[in-house]
Amino acid sequence: MSWRVLMVGLMGIGAAAGSADAATARREPFGTLPDGTPVESVVLTGANGVSARIMTLGATLQALSAPDRSGHIADVTLGYDDARSYVEHPNFWGQTIGRYANRIGGGRFTLDGKTYQLTLNDKTNSLHGGTQGFDKRNWQIVEVSDKGGVAKVSMRLVSPAGDQGYPGKLTVTTTYTLDDRGSLTIDMDASTDAPTIVNLTNHALFNLAGEGAPGGALGHRLTVAAHRYTPVDAALIPTGELRSVTGTPFDFTTDRIIDEVVRDGRDPQIVIGRGVDHNFVLDAGKTAEPKLAVRLEDPGSSRVLEVLTDQPGIQIYTGNFLDGTFVGKNKHVYRMGDGIALEPQVFPDTPNKPAFGSARVDPAKPYHHRMIYRLSVAGPSNARPERGK
């Protein structure tokens, strides 16, 4: 698929808001947890006005700010203003997710003839690593630097054998790297002392108009490099089928306004998910280097987010379970459709569906996932991608 997009560079737009120097990294306190444990953050700032705040709690992308066509800076991720709220009112907003992102049916899988039972936190399923996933841990900062035109922070977490029911001691490092062109690269690495399963991702929810902006994110235009997706059962576990998107609400091979899709009750899958909450089978599959998976554009601000990944799938979630009970940044009440999650990953429930591939990680073969959030501004015309030949 070819992706022909006219972009306006952010270098000129963000000059007034961002530093004229190269990308910088600044380490600072970010409050405490309810038990008094200190939380830190690192602010990465590019010369073009894009900035990211990374919080040690959950190795979380707590904020991602970018200029629009007029140079106005806005935070485009949902979340809370303080660390304590992430504990007292938990949700999946920007955290590093593990050990296994997405759902494992029954919270159970078999590896080398032994069955493992995981903690259940999604009715009968294990979701995003279980009741105490990586999103709820306070990670350790191991490196902060701003050399060579990029700013980065690395955070580490050690998950002992048996944690949430998973085998093997797992040592995980998440590294966020921001350049001066608007690209935030996230490298997730994990090594184990025994065979296990791993599926790590970032779970940011985006509203490119700015978090809490009126109208939410459903007016965004979405394009996905996937001609198939994985339908789910009533428990949101994939059935095992790889279904064509052609003629369905899940066909984003050319750009579509999200709001035109999530209300289509003629498709049972939309009814089950209360919108889109499905894994898309990326056309390129698993790749050695990140490839373009998704393009999201807010027509009002002209902000564009492209997501690149080396993984075979991407879960797209249209904020279907935001119900007005969460009060986020700037005292904004988050409602259905106020944010869109774009989660590169191994397919959900892969350990129980061999046809999906493998999520296995061994001591001699460590895990690596590289994903990129690439921010830019659309040109005044012909800004949307066209179907590739």
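Here are a few things to note about the model shown:
- Using R0 = 25 Å, the C-beta based FRET efficiency linking residue 365 and residue 140 works out to 0.55.
- Counting only Cβ charges, +1 for Lys and Arg and -1 for Asp and Glu, the dipole size of the chain around its Cα centre is about 480 debye.
- Normalised per residue, the volume of the convex hull around the Cα set of the chain (Å³): 132
- Applying 0.36 nm per residue to the separation of residue 260 and residue 358 and subtracting their alpha-carbon distance, the gain on full extension is 31.8 nm.
- For the stretch 300-384, a crude dipole built from +1 on the beta carbon of Lys and Arg and -1 on the beta carbon of Asp and Glu, taken about the Cα centre, is about 200 debye to the nearest 20.
- Count of lysine pairs in the chain with Cα separation under 27 Å (8 or more residues apart, or interchain): 28
- Scalar couplings 3J(HN,Hα) for the stretch 225-231, obtained by applying the Karplus form with A = 6.51, B = -1.76, C = 1.60 to θ = phi - 60°, are 7, 8, 9, 9, 9, 10, x Hz; x denotes Gly and Pro.
- Between residue 63 and 53, the built amide H atoms are under 5 Å apart, and every one of these is 5 or more places off in sequence or on another chain.
- For the stretch 233-349, the relative contact order works out to 22 percent when only alpha carbon pairs closer than 8 Å and six or more residues apart are counted.
- Charge context of residue 345, other residues only, Cβ under 12 angstrom, K/R +1, D/E -1: -1
- The stretch 59-97 and the stretch 249-283 have their alpha-carbon centroids 25 Å apart.
- As a rough guide to protection, the peptides 312-318, 55-61 ranked by mean Cβ packing within 10 Å, highest first, stand as 55-61, 312-318.
- Summing Lys and Arg as +1 and Asp and Glu as -1 over all other residues whose Cβ lies under 11 Å from the Cβ of residue 189 gives a net charge of +1.
- Length added when fully stretched, residue 69-residue 26, from 0.36 nm per residue minus Cα-Cα: 12.8 nm
- ³J(HN,Hα) computed for each position of the stretch 120-128 - Karplus, 6.51 cos²θ - 1.76 cosθ + 1.60, integer Hz, glycine/proline x: 9, 9, 9, 6, 8, 10, 9, 10, 6
- Modelled FRET efficiency - R0 45 Å, residue 323 with residue 112, Cβ distances, 0.05 increments: 0.60
- Close amide H partners of residue 72, meaning residues 5 or more places away or on another chain with modelled amide H under 5 Å apart, do not exist here.
- Residues whose placed amide H lies under 5 Å from that of residue 253, excluding near-sequence neighbours: 224
- Ordering of 29-35, 170-176 by burial proxy (mean other Cβ atoms within 10 Å per residue, highest first): 170-176, 29-35
- Inter-label distance for residue 37 and residue 124, nm, one decimal - labels placed 7 Å from Cα along Cα-to-Cβ: 3.3
- Other residues within the sphere of radius under 9 Å centred on the Cβ of residue 370, judged by their own Cβ, net out at -3 (K and R +1, D and E -1).
- Ordering of 179-187, 348-356 by packing [mean C-beta count within 10 Å, highest first]: 179-187, 348-356
Read-outs: derived from the displayed coordinates by stated rules, not from any lab. Given the structure is predicted, the values throughout are model-derived calculations rather than measurements. As a convention, Cβ positions derive from the backbone with ideal geometry for all residues, glycine included, and neighbour counts pool all protein chains shown.
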